[in-house]
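Down below is the structure, laid out as structure tokens.
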Amino acid sequence: MPSSSPATGTATGNSRSSSGLCATHPPKGASVRTWLAILALAVGCFSFVSSELLPVGLLGPIADGIHLSVGMTGLLVTGFALFVALTAGPLTVLTARFDRKWLMVALMGINLAGNALAASANSFAMLLLARLIVAAGIGIFWSIATAMAIRLVPEHQAVKATSVVLGGLAVASVLGVPLGTFIGQSLGWHAAFLVLAGLSLLVCLWAWALVPSLPSQGSASLKAIAVAYRHGPIRFIFFATSLVMTGNFLAYTYITPYLQNVTGIAPSWISSLLLVYGLAGVLGNFSIGRFMARSLRAALIGTLVVLIASMALLWAFGDVKPVAIASLVPWGMSYAALPVLLQTWVFRAARQTGDSEAALSLFVIAFNGAIATGALAGGLVVDTLGPKALAPLAGMAMVLSLLLVMRSRHAHDLP
């Protein structure tokens, strides 16, 4: 998330007061040790996101290894996201009283255990179990990571701290997925999970050594989440997020078979093209702030238009290599900008409910529910209609989200 964005600054500042995370900070900047602790949160974010998305680049090798179709193997993404969507709220409530330092250490231990099990899996059931273990941790992690960073620094550095943590998401798109794909193609997909297990161990020890004790200050409850959902603007964000992310992951989950079977890209080039997508995502993530500062609504509409246009290019020219490869750039840029825009919108809407953590839990539920829906639908499409049909169907869901944003009275209230 761009640290230059006034909108983001407002959002994160609001999260201090509305979620009970406010603390009195000295006027001086945070220490080097504090920034190392925040960096641990960022690397933890990188580890979790890479773990979640790793199968996207390795669907083919994993499918061959466990003797299933690519569509069925995509259930590893669907099951993961669905489990997060169903458990993020309840698990966040159950851990609301835990010291955040030790909760983070435990979450990285969970990520370590899940990836270690995946590295030794020899069946779909065992691999799915490993994925669900990781999924149990990521929903909680997303609910506490940015709040932890904000508590660690003086208020005037809150935006910068948030940007560092969420930078782990962008870097995971650039390095996590393509690097995992490269390792999986070179050494086998088990090795890619083993590397993530090692990284999780590193972050676990890092957090234990450098993250200070952060006693819980929240009083999360399922009732608070239900109250947030009944708030019109937050409910609107829930549906807009669900539609656009369903479309995105319907196509992205199966980008590897699409590029191989429709575009005619050799498997050895897939990791490089995912790197192109990821680099474009970093550019989109850190450049959207200047547009968001002028108008959040206009930036969101413009981003959705670019995303839809990239799907249209893939649909019309997916078998033309230069055009298909070029379309990965606007796709990566627009997708990476969306979490920044949508999460800023969540924080603004949460001002009226006074509970940004509950609103964030709903955002996590919508986001991961959409990943599950998109991955499941995409698997059915690939197995029945073929990968060529992915782009137009994904674009339809994105168009619905755009129409919702353009016509909703809540969107018109945005500056």
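The values are calculated or read from the model by the stated rules, or taken from the named source; none is laboratory data. Because the structure is a prediction, the values reported are computed rather than measured. Here the Cβ is made from the backbone with ideal geometry for all residues, glycine too, and neighbour counts use every protein chain on show.
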Completion exercise
Of (1) of a type outside the set (S, T, N, Q); (2) under 13 Å from Leu341 (Cβ atoms); (3) surrounded by 20 or more Cβ atoms within 10 Å (Cβ to Cβ); (4) modelled with pLDDT of 85 or more, Ile270 satisfies every one except (2)
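Identify, please: which residue in region 119-172 is among the basic types (Lys, Arg) and surrounded by fewer than 23 Cβ atoms within 10 Å (Cβ to Cβ) and is, among those, farthest from Val340 (Cα to Cα)?
Here is the first cut: in region 119-172, the residues among the basic types (Lys, Arg) are 131, 151, 160.
Among the residues that remain, those that are also surrounded by fewer than 23 Cβ atoms within 10 Å (Cβ to Cβ) are: 151, 160.
Details: Arg151: 20, Lys160: 14 Å.
Among those residues, the one meeting the criterion is Arg151.
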Practice task
Mind listing just one residue for me: the one in region 31-85 that is under 30 Å from Ser163 (Cβ atoms) and charged (D, E, K, R) and, of those, nearest to the chain's Cα centre (by Cα)?
Solution key: Glu52
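Might you let me know whether region 4-27 holds any residue that is of a type in the set (Lys, Arg), surrounded by fewer than 24 Cβ atoms within 10 Å (Cβ to Cβ) and modelled with pLDDT under 85? If you could, list the steps in order and put the result at the bottom.
Initial filter on region 4-27 (of a type in the set (Lys, Arg)): 16.
Next cut, surrounded by fewer than 24 Cβ atoms within 10 Å (Cβ to Cβ) only: 16.
Filter once more, keeping what is modelled with pLDDT under 85: 16.
Yes, that holds for at least one residue.
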Practice task
Report yes if Gly79 is farther than 28 Å from Arg151 by Cβ, at pLDDT below 80 and not acidic (Asp, Glu), otherwise no.
Solution key: no
Practice task
Just give me the residues in region 321-341 being touching a residue at least 40 places away in the same chain (Cβ under 8 Å) and over 21 Å from the mean Cα position of the chain (by Cα), in sequence order.
Solution key: Lys321, Ala324, Ile325
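Looking at this structure, is Ala85 at pLDDT below 95 and at negative phi? Write out each step before concluding.
Details: at pLDDT below 95: yes; at negative phi: yes.
Judged against the criteria, Ala85 is a match.
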Practice task
Only residues that are out of contact with any Gly (no Cβ under 9 Å at 6 or more places or on another chain) and outside any helix (DSSP H, G or I): list them for region 122-137, please.
Solution key: Ser123
Problem - Qualifying residue in region 58-74 (condition: of a type outside the set (Phe, Trp, Tyr), surrounded by fewer than 21 Cβ atoms within 10 Å (Cβ to Cβ), touching a residue at least 24 places away in the same chain (Cβ under 8 Å) and over 30 Å from Leu259 (Cα atoms)) - result: no
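I'd like to check something: does region 273-285 contain any residue that is touching a residue at least 12 places away in the same chain (Cβ under 8 Å), assigned to a helix (DSSP H, G or I) and over 28 Å from Phe46 (Cβ atoms)? Quick ask: steps written out before the conclusion?
Here is the first cut: in region 273-285, the ones touching a residue at least 12 places away in the same chain (Cβ under 8 Å) are 273-285.
Narrowing the set further to residues that are assigned to a helix (DSSP H, G or I) leaves 273-285.
Still in the list and also over 28 Å from Phe46 (Cβ atoms): none.
Looking through region 273-285, none of the residues is touching a residue at least 12 places away in the same chain (Cβ under 8 Å), assigned to a helix (DSSP H, G or I) and over 28 Å from Phe46 (Cβ atoms).
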Exercise for the section: Restrict the check to region 94-111 and report whether at least one residue is assigned to a helix (DSSP H, G or I) and modelled with pLDDT under 85. Expected result: no
